[in-house]
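*Asks:* I'd like to ask you about the structure that follows.
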Amino acid sequence: MPGLHGGYETQGGSRRRWVYPDVMVTCDSRDHTADLYLSHPVLVVEVLSDSTAAYDRGDKFADYRKLPSLQEYAIVDIDSRRVECFRRNAENHWVLYDFEGDGECEFASIGSSMPLAAVFEDVEAEEFVKTGAEIYHGDQRVG
């Protein structure tokens with residue numbers, strides 16, 4: 001599976017960074033024959049985990065925003081059963097479209113939508129509650 005090449009400048013010159021999004025879509029013919037990496041995605045989707053959530057929302061999203069081709073960045077939050085979709089507008093600002101509940105998630109960059117029930121099909125979110133230093137799952141203390 002090809003990765004996504006995100007190049008950016010540093011004081012010492014150019015540096016390459018490789019990331020592997022959970023889903024990426026490209027419509028650019030230059031990417032259709034790529035073996036190692038894609039450079040022109042229009043849509044990138046990341047599924048959050050406890051270990052990657054801060055990175056996916058912070059530095060990784062900041063790097064993605066530097067890609068001129070990227071029009072949409074979606075974050076799938078399994079715990080809250082929500083899809084946060086950031087879209088680049090005509091002024092080059094990123095606007096949040098928040099999808100949750102029983103509706104559909106729209107991916108405007110590729111002219112497609114998907115029921116949220118399908119996004120979270122076969123996913124069982126754990127409902128953990130943390131109070132102070134203790135963690136509870138339902139009524140049972142697990143940490």
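Read-outs: derived from the displayed coordinates by stated rules, not from any lab. Because the structure is a prediction, the values reported are computed rather than measured. Cβ atoms come from the backbone with ideal geometry, glycine included; neighbour counts cover every protein chain shown.
*Asks:* Which of the peptides 95-102, 61-68, 80-87 is most tightly packed, and how do the rest follow, judged by the mean count of other Cβ atoms within 10 Å per residue? Walk me through the intermediate numbers first.
*Replies:* Values: 95-102: 11.5, 61-68: 14.5, 80-87: 18.5.
Taking the mean over residues of other Cβ atoms within 10 Å, the ranking is 80-87, 61-68, 95-102.
*Asks:* Oh, and also: In nm, to one decimal, how far is the modelled label at E121 from the one at V95, with both set 7 Å along Cα→Cβ?
*Replies:* A separation of 3.1 nm, rounded to one decimal place.
*Asks:* Let me have the relative contact order for segment 65-108, percent, based on Cα pairs under 8 Å that are six or more residues apart.
*Replies:* Details: 56 pairs, mean separation 13.0, N = 44.
Computed over segment 65-108, the figure is 30 percent.
*Asks:* Could you grab the relative contact order for segment 14-67? Cα pairs under 8 Å, six or more apart, rounded to a whole percent.
*Replies:* 31 percent
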